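Asker: Pasting in a structure now, in structure tokens, and then I'll have a few things to ask.
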Amino acid sequence: MDFEKLLKITEKTEVDEDRERFLERIKDFPEEEQMLVDAAYDLSKESHRPQRRDSGERYFEHTRETALIIMDECQVRDPDLIISMLLHDAIEDSATFGNRLLAYSIWEKTAKFRLGRFFNKRVANIVVSLTKPKEDGEEIETIEKANEFYLKNLEKAGPDSILLKMADRLHNLRSLSSTTPEKQQRIVKETKEKYWHIFQEVLDKYPKEGSYLLDQMNTEMAKYDKIKA
């Protein structure tokens with residue numbers, strides 16, 4: 001896509017953002033890839049339909065905004081990454097790709113199979129790596145173990161997954177003003193102590209994109225350094 005054309009798109013306000021404008025960004029993709037991104041857009045929107053964020057806006061705005069961070073700010077033109085970004089929370093919040101009440105290994109196998117058949121194996125692996133496991137009382141007994149498993153799985157997943165997690169975390173940080181001081185401090189602390197060393201691993205494959213996201217996160221976190229929970 002021509003840079004000047006992209007600039008005109010990104011100058012639009014958040015209020016103006018819609019499906020047509022989102023898909024305009026990928027008009028240069030092959031038709032099949034456009035259709036797959038469009039399908040992911042619909043699946044994400046439907047998966048999060050009943051949900052609201054702390055700000056009161058629909059949850060889908062978060063998944064779309066993270067995709068826009070990847071597309072507009074990082075200039076990523078990889079359809080698999082755009083699809084994965086749109087779906088990064090979908091299988092956590094919907095049974096469309098597997099029953100979350102089952103043991104983790106059963107759910108994971110089902111989710112990868114369904115995502116792989118609908119999209120491809122790469123998308124399936126990335127989306128599952130970005131999905132926090134649910135404690136099942138069998139394989140993952142507690143929330144603490146679920147969080148530990150998630151971080152290890154993300155680190156092993158590689159730079160594609162980590163880059164998308166960075167965009168996800170950046171948007172979460174940008175949205176902190178609508179949350180409580182307690183949550184603001186918790187998210188900032190978690191970012192620094194649990195994710196920052198993992199985020200560094202993206203720089204070999206995505207030096208420009210990774211550095212940009214790290215700088216943007218630092219800017220957002222600096223706003224809360226003096227806030228006491």
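Asker: Output the qualifying pairs, or none if there are none: Cβ atoms under 8 angstrom, residues six or more apart or on different chains, first residue in the range 22-41 and more than 15 Å from VAL123 (Cβ to Cβ) and among the charged types (D, E, K, R), second residue surrounded by 15 or more Cβ atoms within 10 Å (Cβ to Cβ) and at pLDDT below 95.
Answerer: As it stands, the answer is GLU24/ILE9; ARG25/MET1; ARG25/LEU6; ARG25/ILE9; LYS27/MET1; ASP28/MET1, since those pairs meet every condition given.
Asker: I need the full set of residues from the range 22-53 which are more than 11 Å from ILE83 (Cβ to Cβ), modelled with pLDDT of 95 or more and charged (D, E, K, R), in order please.
Answerer: Across the range 22-53, the qualifying residues are GLU24, ARG25, LYS27, ASP28, GLU31, GLU32.
Asker: If the Cβ limit is 8 Å and pairs must be 6+ apart or interchain, which residue in the range 88-100 that is without any contact (Cβ under 8 Å) to a residue 40 or more places away in the chain pairs with which residue that is basic (Lys, Arg)?
Answerer: The qualifying pairs are PHE97/ARG114; GLY98/ARG114; ARG100/LYS134.
Asker: Now a separate question. I need the full set of residues from the range 128-149 which are out of contact with any Pro (no Cβ under 6 Å at 6 or more places or on another chain), buried (at least 17 other Cβ atoms within 10 Å of the Cβ) and hydrophobic (A, V, I, L, M, F, W, C), in order please.
Answerer: Across the range 128-149, the qualifying residues are VAL128, LEU130.
Asker: Residue by residue through the range 86-127, note down the ones that are among the small types (Gly, Ala, Ser) and within 17 Å of ASN153 (Cβ to Cβ).
Answerer: GLY98, ALA103, SER105, ALA111, ALA124
Asker: Would you confirm, using the coordinates I've provided, whether ASP72 is at pLDDT 95 or above, in a helix (DSSP H, G or I), surrounded by fewer than 21 Cβ atoms within 10 Å (Cβ to Cβ) and within 16 Å of the chain's Cα centre (by Cα)?
Answerer: So ASP72 fits the description; yes.
Asker: Identify all residues within the range 17-35 that are more than 18 Å from VAL76 (Cβ to Cβ) and in a loop (DSSP other than H, G, I, E, B); write none if there are none.
Answerer: ASP18
Asker: Okay, next question. Restricting attention to the range 58-68, does a residue exist that is farther than 30 Å from PRO207 by Cβ, touching a residue at least 12 places away in the same chain (Cβ under 8 Å) and in contact with a His (Cβ under 8 Å, 6 or more places away or on another chain)?
Answerer: Yes; the residues of the range 58-68 include at least one that is farther than 30 Å from PRO207 by Cβ, touching a residue at least 12 places away in the same chain (Cβ under 8 Å) and in contact with a His (Cβ under 8 Å, 6 or more places away or on another chain).
Asker: Is there a residue being within 12 Å of the chain's Cα centre (by Cα), in a helix (DSSP H, G or I) and not basic (Lys, Arg) anywhere in the range 92-110?
Answerer: yes
Asker: Being touching a residue at least 24 places away in the same chain (Cβ under 8 Å) and either touching a strand residue (DSSP E or B) at 6+ places or on another chain (Cβ under 6 Å) or β-branched (Val, Ile, Thr) (or both) is the requirement here; does ILE187 meet it?
Answerer: The answer is no for ILE187.
Asker: So how many residues does the range 112-149 have that are part of a helix (DSSP H, G or I) and without any contact (Cβ under 8 Å) to a residue 12 or more places away in the chain?
Answerer: Number satisfying all stated conditions: 8.
The values are calculated or read from the model by the stated rules, or taken from the named source; none is laboratory data. From a predicted model like this one, the values you see are computed outputs, not experimental measurements. Neighbour counts run over all protein chains shown; Cβ positions are idealised from the backbone, glycine included.
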